Amino acid sequence: MAGDYNPYNEMLKVLEDAAKKLGLKENDYITLKYPEKELKVAIPVTMDDGSIKVFEGYRVQHSSVRGPYKGGIRYHQNVDVDEVKALAALMSLKCAVVNIPYGGGKGGVTVDPTKLSKGEIERLTRSMVTQFFPIIGPNKDIPAPDVNTNAEIMGWFVDTYSTLKGELSPGVVTGKPIALGGSLGRAEATGRGIMFIAREVAKKKGLTLKGARVAVQGAGNVGGVAAKLIHREGGIVVALSDVSGGIFKEDGLNIEEIVTFLTAERGRLLKDYNEPGLKRISNEDVLTQDVDILIPAALENQITEKNADKIKAKIIVEGANGPTTSAADAILDKKGIILSPDILTNAGGVVVSYFEWVQNLQNFYWSEAKVNESLEEIMVNAFNSVWATAEKYNVSMRVAAYMVSVERIVTAAKMKGLAN
Ligand code: NAD
C-alpha cells in the first residue's frame with residue numbers, strides 16, 4: 001500500500017463514527033472490528049518448466065451474521081492480509097447496505113499473473129481451490145472474480161470444487177460463464193448499478209442524467225460500462241481515463257465507439273484511441289474537470305487531501321473500492337459536494353451475484369430484463385434508505401451507508417445473542 005494509507009484503518013474510522021451516531025455501545029459492534037476467520041494457505045504449482053513454485057493465498061471470512069460469506073478473490077503481487085481483511089469487512093457492509101442475505105469475505109493470492117502462462121494460472125486456481133475447499137461452499141462461503149480473476153477462472157473453480165465434492169456445485173462461486181450457470185446481466189451489473197445511483201443522486205440535486213456533464217476515471221468493467229450506460233441516458237461524458245492517461249472533449253466523447261475500441265482486443269488502451277476534437281489530458285486532470293458528476297472507477301486512494309480542494313464536480317459516485325480517503329471526505333463535505341460511497345454505489349455486482357446464486361440453487365434461470373429490473377429495485381431501495389438516514393442524522397452519505405449496514409448487522413447479531 002502507498003504511504004501511510006491503510007485500508008483497514010480507513011474502514012474502522014468510518015465504522016466507529018457510524019456506530020457512535022447510531023448510539024451503539026462498543027459491546028454492540030466490537031465483533032465487527034475483527035474478522036471471524038483468516039485462512040492463510042501455501043499453493044504449490046507445477047510451472048511450465050517443471051519446477052514447483054509455492055504462492056501464498058488468503059481467505060478472510062469477516063462476518064457470517066447475516067448469511068454465508070461472500071466476496072471475490074484477486075490475483076495480484078501486492079496482495080497482503082491487511083488488504084484482504086479490509087476488503088472482506090467492506091463486503092459485509094456492502095451486502096448489508098443493499099440488504100442481501102450474505103456476510104462478507106475476500107480472498108487473494110500474492111502473484112503477478114502477467115508473469116504466468118494460461119496453463120500455470122489454471123493449475124494455480126485448481127491448487128488454490130483444493131486448499132480453500134474445507135471452508136468454502138454454496139452455503140458457507142461463495143467467492144467471485146476480483147482484480148485479475150475472471151469468468152474463465154471461475155469455470156476452473158467450479159470444476160475443481162465439484163470434483164472434490166463429488167457433485168456439480170455451480171453455486172460455490174458467482175461470476176461464472178453463462179454456459180456454466182452464470183447470470184445474464186452480471187458482466188454489466190456494477191456499471192448499471194452506478195448509473196442508477198448517479199441518476200438518484202442527481203435527482204436530489206435537481207439534475208437529470210440527460211445533459212449532465214460527466215468525468216470517469218477508469219475505463220474497465222466498471223468505468224467503461226458506467227460511462228456507456230450514462231451516455232445512453234443522455235449524459236455527456238467529457239473526460240475518461242485509463243492507465244495510459246486521459247482524454248477530453250468539450251461536447252462529449254463518443255463513448256460507444258470508445259468502449260467498442262477498448263474491448264475489441266485484450267490490452268487496448270485509450271492512448272491509441274482518437275476522434276476529431278479529442279484532447280489528451282493527464283489522469284489527475286480527469287478528476288478535476290468542471291463537471292456535474294465525477295466517477296472514480298479505477299483504483300483506491302485517488303481523491304486525497306492533496307487534490308480534494310481542486311475537485312469541481314457537484315456529485316461524486318464511487319465506482320472503485322476506496323477511491324477517497326477520510327481526509328478528502330472531510331474537505332469534500334465542506335465544499336458541499338455530495339459523495340455516494342463505494343459500499344452503496346458499486347454494489348450492483350454483488351447484487352447480481354446474489355441473483356446468480358439464487359438461480360443456481362433453484363436451477364431456474366431469469367431473463368436479462370428480470371435481472372436488470374430486480375437490480376434497479378434493490379439499488380433504488382438501498383439509495384433511499386441511505387439518503388433518509390443521511391437526512392435524519394445530518395451526516396454524509398458514507399456515514400449514513402455505514403449506519404444502515406451496521407444497524408442491520410448488529411440487529412441480526414442481537415437476535416442471535418451475539419451482541420448486548
Ligand atoms: P478493470 O481492470 O476492468 O479496469 C480498471 C481500469 O482502471 C482500467 O481502465 C485501467 O486502465 C484503469 N486504471 C488502472 N490504473 C489506473 C490509473 N493509475 N489511472 C487511471 N486509470 C487506471 O477493473 P474493474 O473491474 O473496472 O474495477 C475497477 C475498480 O472497481 C476496482 O477498485 C474494483 O475493486 C472495483 N469494483 C469492481 C467491481 C466489478 O464488478 N468489476 C465491483 C465492485 C468494485
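Please state the Cα pair-distance histogram of the stretch 180-316 with 5 angstrom bins from zero: what percent is in each bin?
Spelled out per bin, shortest first, that is 2, 11, 21, 25, 20, 13, 6, 2, 1, 0.
As an exercise, take the mean of 1/r over every pair of distinct alpha carbons in the stretch 174-222, invert it, and state the Kirkwood radius in angstroms. Present the calculation step by step, with values, prior to reporting the outcome.
Details: mean 1/r = 0.0784 Å⁻¹.
Radius from the Kirkwood sum: 12.8 Å.
Hand me the trypsin sites (Lys or Arg not before Pro) from the stretch 224-268 located in a DSSP loop with no more than 10 other Cβ atoms within 10 Å, in residue order please. Mind showing how you got there, number by number?
On the way: sites: Lys228, Arg232, Lys249, Arg266, Arg268; in loops: Lys249, Arg266, Arg268.
Loop-located and lightly packed - Arg266.
Taking a quarter of the surface of the Cα convex hull of the chain, what do you get in nm²?
Details: hull surface 79.7 nm².
Spelled out: convex hull of the Cα atoms, projected over all directions, averaged, 19.9 nm².
If each DSSP helix of 4+ residues adds -39,500 (n - 2.57) and the sum is divided by the residues in the chain, what number results at 222 nm, nearest 500 deg cm²/dmol?
Working: 14 runs with 179 residues, N = 420.
Only helices count here, giving -13500 deg cm²/dmol.
For Arg74, list long-range residues whose amide hydrogen, built 1.01 Å from N in the peptide plane, is under 5 Å from its own amide hydrogen.
Gly107, Gly108, Val109
Work out the FRET efficiency for Ser51 and Lys370 from their Cβ-Cβ distance, taking R0 = 45 Å, and round it to the nearest 0.05. Working shown, then result.
Numbers: r = 49 Å, r/R0 = 1.09.
After rounding, the FRET efficiency stands at 0.35.
How high is the relative contact order of the stretch 34-180? Use alpha-carbon pairs under 8 Å, at least six apart in sequence, and give a whole percent. If you can, show how the numbers build up before the last one.
Details: 322 pairs, mean separation 35.5, N = 147.
RCO, the stretch 34-180: 24 percent.
For the ranges 270-276, 238-244, what's the packing order if you count other beta-carbon atoms within 10 Å of each residue, average per peptide, and put the highest first? Don't skip to the answer; put the middle values down first.
Numbers: 270-276: 13.0, 238-244: 21.9.
Order by mean packing, descending: 238-244, 270-276.
Write out the GluC sites (Glu not before Pro) in the stretch 98-187 meeting two conditions: DSSP loop, and at most 16 other Cβ atoms within 10 Å of their Cβ. All intermediate terms of the calculation are to be shown ahead of the outcome.
Details: sites: Glu120, Glu122, Glu152, Glu167; in loops: Glu167.
Passing both the DSSP loop test and the Cβ count: Glu167.
Between Asn394 and Asn139, what's the calculated FRET efficiency when r is the beta-carbon distance and R0 is 51 Å? Round to 0.05.
Values: r = 41 Å, r/R0 = 0.80.
After rounding to 0.05, the efficiency reads 0.80.
Would you report the distance distribution of C-alpha pairs in the stretch 34-180 as whole percents per 10 angstrom bin, up to the bin with the largest distance?
12, 44, 35, 8, 1
Under the 0.36 nm per residue contour assumption, what length would be gained going from the current alpha-carbon distance of Glu275 and Asn78 to full extension?
Numbers: separation 197, 0.36 × 197 = 70.92 nm, distance 3.60 nm.
That pair, Glu275 and Asn78, stretches by 67.3 nm at full extension.
Which part of the stretch 88-128 falls in the paramagnetic zone of Lys40, meaning amide N under 19 Å from the point 7 Å along Cα-to-beta-carbon?
88-89, 106-112, 128
Of the listed pairs Lys20/Lys203; Lys20/Lys310; Lys118/Lys370; Lys205/Lys334; Lys21/Lys205; Lys205/Lys310, which have alpha-carbon separations greater than 28 Å here?
Numbers: Lys20/Lys203 30 Å; Lys20/Lys310 31 Å; Lys118/Lys370 35 Å; Lys205/Lys334 17 Å; Lys21/Lys205 25 Å; Lys205/Lys310 20 Å.
Pairs exceeding the cut-off: Lys20/Lys203; Lys20/Lys310; Lys118/Lys370.
Evaluate the relative contact order of the chain (contact order divided by residue number), counting alpha-carbon pairs under 8 angstrom at least 6 apart; express in whole percent. Could the numbers behind the result be given before it?
Working: 869 pairs, mean separation 70.7, N = 420.
Relative CO of the chain lands at 17 percent.
Setting aside same-chain residues fewer than 8 positions from Lys25, which aspartates and glutamates have a Cα under 14 Å from its Cα?
Cα-Cα hits under 14 Å: Glu16, Asp17, Glu407.
Average the reciprocal distances over every distinct pair of alpha-carbons in the stretch 331-415, invert the result, and give the Kirkwood radius in Å.
Value: 14.6 Å, from the Cα pair sum.
FYI, it's all coordinate maths here, none of it is from the lab. A quick note: this is a predicted structure, and the numbers were derived from the prediction, not measured. So basically every Cβ, Gly included, is an ideal-geometry build from the backbone, and we count neighbours across all protein chains shown.
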